[in-house]
Every structure is written in C-alpha cells, then in structure tokens.
C-alpha cells in the first residue's frame, strides 16, 4: 500500500454538486451567495462565476461555485446522485443482512 487510505495509485473522489442560488451579496469585495442544496443551505463564493444570478444553478466544489449550469443539467446530475445513493443504501442493507446470517 502507498500509505494512503485509498490504496496504491488510488485517490479520493471529489464531487461537485449543483445547487440553486437564493441570495447574493458582496462581502468585503467578495461576491458570496446562499445556495440551496435540496434544503441544505450553504454560503458559497461566486468569485469564479460572476455571471451567476439569484434563482440560477451553480456547480459547487469545496465552497466555491465553479460553473453555472442549466436547470436540465442540474436535474440530470441530481437524479444520478439520488440513484447512486439508492445503490449505496441497497448495498448497505445487503451487507447488514449477510452479517446477520441472511442471504
């Protein structure tokens, strides 16, 4: 092993998630926004996307909006994330059942 928790040659997966801008303000000359991620609201920096507007969607990574995305693309991405979560939950239930002696 390489000494990392990810194994030889592997690296962590980093995820950028789309959210909807609900509010924009200037904070010490830095454009900031409140962004809603399915009910979870976070403060996000808009420095990389000056064209972003309230009501629009942005893709966010590590607290920074990295791109503006159209609604259809945001919905497609959110659908894929929901599907991935459903698979993870099913795998977890199967592992729990196996641990309890059920096939």
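Just a few scattered comments:
- Length gained on full extension, residue 77 to residue 62, computed as 0.36 nm times the residue gap minus the Cα-Cα distance: 3.7 nm.
- Here the scattering of the range 17-99 is modelled by Debye summation over its C-alpha atoms, one equal scatterer each and no solvent; at q = 0.12, 0.17 Å⁻¹ the log10 of I(q)/I(0) is -0.42, -0.67.
- Per-pair calculated FRET efficiency, R0 = 41 Å: residue 70 and residue 98 via Cβ, rounded to 0.05: 0.45
Where a number appears in this text, it was derived from the coordinates with a stated rule and is not lab data. Computed from a prediction, not measured in an experiment: that's the story for all the values here. Counting neighbours? That spans all protein chains shown, and the Cβs are built from the backbone with ideal geometry, glycine included.
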